[in-house]
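Bear in mind these aren't lab numbers, they're just calculated from the coordinates by the rules spelled out. Note that this is a predicted model, so its numbers are computed, not measured. Every residue, glycine as well, gets a Cβ built from its backbone with ideal geometry; the counts of neighbours run over all protein chains shown.
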């Protein structure tokens, strides 16, 4: 089996994008200049991905500040609440406030403005929040209960994913940090997996796309046995926090496996030979339908140069894997 | 001199740099708006900006850079301006709006031996960014850095101010969280093989304690020796790692160890209200903060952002029989989004928020009043408006 590689999340901004963005923020520059620079940098990062031999192109998401932003800004009746930390990162998001009424109007989810956030260049991978993470990090107090809320959220995501496939995307990543994080803090509730499953039964299978539940920011080891039965096409594992021994005890025969072995939040560069050897061992034991090596999350946390280095590292690991 | 006895007011830390200063340093011509900003704020602060304005116009007109001495003169003026501005706005405790610092983290990180800069700025919230560093060796203050880091700044503020000063310093935990801890992770990797969670905890603790001893405490000691009466340690990242809060406390205690005759406070903000565990917000700090050195008796809290005062403050009442902290109540939201929307609190909202805090804490003597956080991301005009609203609202609260 071959080893695929790709990036799976936001990329760090360049010096020039920061400078132009800061000038615009201070009233000393224009929004048009920011947009132009985003297009330039996006094309550059996509080109670098092609040169690295990625299996799928991933938009660096320079115009999006946080995972939920498209929902907050473009879905009717959803609004931005208080500013909150994005897990254990010095990065912030706005807590979505999702009222039950937001979902009574079926036309709002087809807004083309939503997809514009992704379209500075041609990409294959679309990053969406998993229904469980969106539920857990939002204010959904207007719903009767969480089951009701996740069903509505999952339909919303399904429609968006379908729209993205029509726009040319072939791979949908449902980002799922909340589950791994709760698992790591021993705060998982018995109903958490049920809620996730309920959501994925609605949005987990999208005609024309491969769907990945991408877990990160925590040790998901104890839940791998459950993850392999979820109704998605593949699972992403944050291997910087999950022990490989906990992963290789399970068969992924029906699933693609996305190995987040490269630490996106550390500037230390992993050994590509070791990455290849670990990937090989996982492939042998888990027997996935397809195997991909990625950073554990987006590389935005350490900047543009760092992202390029990690991309080169993925390419080197792929070469080492092929040579084994 | 403090004339009020109740609901004393202060700024948390930073103000935006003057646009005219930034443009002149980049050799750009000043716009009429830049000049008006300088003149308006100077008038409010009771200073004449004419000489400095002439200086600031020159690079844009001539294409010639300001000399180092001229830049120093501009920075000195900017710092003096902000001290006087805060006094003119009737804040009870003042400082210089961190006008001499590039940015809170970077200001210190650049003087740490053992830290190397990352090439680009990292996005944090919206378009806001910071310059992160990588710890590659045991962190220590660079030789002879104390003057440029804090002592000159404090000395100038002492000279400029008639009101008492509150000096903001970074806490070591924040520096650790905002840095890539490569050195201690590598150093301890062989001790915690196959245990990523234990490794991260141990490595962060080592970094925080090294920063406390080698970087922050020398500044604290120098400030105390120079006559500082109130030092604020900024800990905005306090609740980022829910299992690491004991490290935060240990680091803060290490910063103040061996000092006396000075008041210490800690600024906390954005406290993981969406925590994904059973506790959230400032609850997450407890019971750990009960172990803080008794000299640390005051917390400055961001509260307006969420506007859930009763919920956020309840935990301080809950633990009041064990330990009572003064609370600097954040009464105005400082986020950029509010500025973009043109939304500002009214004095009546501020009054009501103070009243809520008093009601929950049960003792009006514990309540101070402040913005949610530093104001550097906002326009200067908005920052001044927030001061005015804060002071007017506090005056309403004092009248009862």
* Asked: Which one of A:151, A:212, A:20 has the biggest mean-square fluctuation once chain A is modelled by GNM with Cα springs under 10 Å?
  -> A:20
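List the relative contact order of segment B:19-399 as a percent without decimals, with contacts defined as Cα pairs under 8 Å and 6+ residues apart.
11 percent.
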* Structure fact -> Relative contact order in percent for chain A (Cα pairs under 8 Å, 6+ apart) equals 20
* Asked: For the residue pair residue B:340 and residue A:277, what label-to-label distance in nm results when each label sits 7 Å from Cα along the Cα-to-beta-carbon direction?
  -> 4.8
* Asked: Looking at the square roots a ≥ b ≥ c of the eigenvalues of the Cα gyration tensor of the protein assembly as shown, which shape do they give, rounded for a/c under 1.5, prolate if a/b is larger than b/c, or oblate?
  -> prolate
* Asked: Can you work out the FRET efficiency for the pair residue B:221 and residue B:321, with r the C-beta to C-beta distance and R0 = 56 Å, to the nearest 0.05?
  -> 0.95
* Would you mind giving the mean number of other chain beta-carbons within 10 Å of the Cβ of each residue in A:22-29, as a whole number? => 5
* **Number of partner chain Cβ atoms within 10 Å, mean per residue of A:73-85** => 4
* What Kirkwood hydrodynamic radius do you get for segment B:19-399 when you take the inverse of the mean 1/r over all pairs of distinct Cα atoms, in Å? -> 22.0
* Structure fact -> Listing B:308, A:42 by rising number of other beta-carbon atoms within 10 angstrom, fewest first, gives B:308, A:42
* What nm distance separates the two modelled labels at residue B:28 and residue A:19, each placed 7 Å from Cα along Cα→Cβ? -> 1.1
* What is the order of A:140, B:135, fewest Cβ neighbours within 10 Å to most? -> A:140, B:135
* Report, in whole Å, the centroid distance computed from the Cα atoms of segment A:1-42 and segment A:195-250. => 30
* Asked: How many Cβ atoms of partner chains, on average, are near each residue of A:89-102 if near means within 10 Å of its Cβ?
  -> 3
* Report, in whole Å, the centroid distance computed from the Cα atoms of segment B:61-111 and segment B:1-50. => 9
* What is the distance in Å between the Cα centres of segment B:216-262 and segment B:152-171? -> 17
* Asked: Any idea how far apart residue A:30 and residue B:137 come out in nm if each label point goes 7 Å out from Cα toward Cβ?
  -> 4.8
* Return the percentage of antiparallel bridges among DSSP beta bridges fully within chain B, rounded to the nearest 5 %. => 25
* Ranked highest first by the average count of other Cβ atoms within 10 Å around their residues, in what order do A:23-31, A:45-53 fall? -> A:45-53, A:23-31
* **Value of [θ]222 nm, deg cm²/dmol, for the protein assembly as shown, DSSP H segments ≥ 4, -39500 (n - 2.57) each, nearest 500** => -13000 deg cm²/dmol
* Percent antiparallel among DSSP beta bridges (both partners in the protein assembly as shown, rounded to 5) -> 20
* Order of B:58, A:319 from fewest to most other C-beta atoms within 10 Å? -> A:319, B:58
* **log₁₀ of I(q)/I(0) at q = 0.14, 0.18, 0.21 Å⁻¹ - segment B:248-330, Debye sum with one point per alpha carbon** => -0.48, -0.78, -1.04
